[in-house]
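The structure appears below as structure tokens.
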Amino acid sequence: MSESTTFPGDEIASIEEFEAGNNTFDDGDMVRAATVGEKFLDRKTRIASIKHPKTLSIPKVGDIIIGSVAAAMSSMIAVTVEYINGKPTTSKVECVCSTRNLRKKNVALINDIVTLKIVNHLNGTIHATIDEPNLGVLFTKCRKCGGKVVQMRDAIKCTECSWIDERKLSTSFGSSDFVRL
Ligand SMILES: [Zn+2]
């Protein structure tokens, strides 16, 4: 597999090696790109195709995203973006969010569903903030037993084992319709 940006008419593979797939055409000699996009050469099926940029949605500065926490470290979390401004995305890009300035030990834990705002793109990394009332954890479970939790002021309490834990909760925490499909 190899990926690079193409423009319409770009040669992407020889027809001796690959068949023309999505968003490409075959000029009798070469498989060429029919659209701007990302070249995708599937060496197993021998099909060359172009992934259209519409499917490669990258959140922009100011966008509100919803995603699942892929990694939680002491001063930051990494989040796999699932929704951008309420719309599902298949590109599964990751953004990082600093949690250093929040006076909480557990801002969000791995697999929590969080909502964040994109603040900048720096060195190829998408940075987001969680430090606004509407931003934060939308869904989480008990760290001890995996049980359902309920909000207690700015903490959460497990309905199974009564473990009390902290998170940076969104003001939308607990509302089940946070994702509008
Ligand atoms: Zn529990």
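The values are calculated or read from the model by the stated rules, or taken from the named source; none is laboratory data. Because the structure is a prediction, the values reported are computed rather than measured. Because the Cβ atoms are built from the backbone with ideal geometry, glycine has one as well, and the counts that use them run over all protein chains shown.
For the reader, a short list of remarks on this structure follows.
- Pairs where the first residue, in region 106-129, is in contact (Cβ under 8 Å) with a residue 40 or more places away in the chain and of a type in the set (Lys, Arg) and the second is assigned to a loop (DSSP other than H, G, I, E, B) and surrounded by fewer than 16 Cβ atoms within 10 Å (Cβ to Cβ), C-beta under 8 Å, 6+ apart: LYS117/GLY62; LYS117/GLU132
- Answer from MET73, MET30 - the residue that is more than 16 Å from ILE130 (Cα to Cα) and at pLDDT 90 or above: MET30
- Of all residues in region 16-39, none satisfies being hydrophobic (A, V, I, L, M, F, W, C), within 18 Å of the chain's Cα centre (by Cα) and not in a strand (DSSP E or B).
- The combined condition, being in contact with a Leu (Cβ under 9 Å, 6 or more places away or on another chain) and under 12 Å from LYS168 (Cβ atoms), is not fulfilled by THR99.
- Note on region 111-151: residues that are among the basic types (Lys, Arg) and either away from the ligand (no atom under 15 Å from the Cβ) or surrounded by 19 or more Cβ atoms within 10 Å (Cβ to Cβ) (or both) total 1.
- Candidates are the residues of region 152-170 that are within 23 Å of MET73 (Cβ to Cβ) and of a type in the set (Lys, Arg); the one that is nearest to the ligand (Cβ to nearest atom) is ARG167.
- Filter result for PRO59 (in contact with a strand residue (DSSP E or B) (Cβ under 9 Å, 6 or more places away or on another chain), closer than 30 Å to THR129 by Cβ and not in a strand (DSSP E or B)): yes
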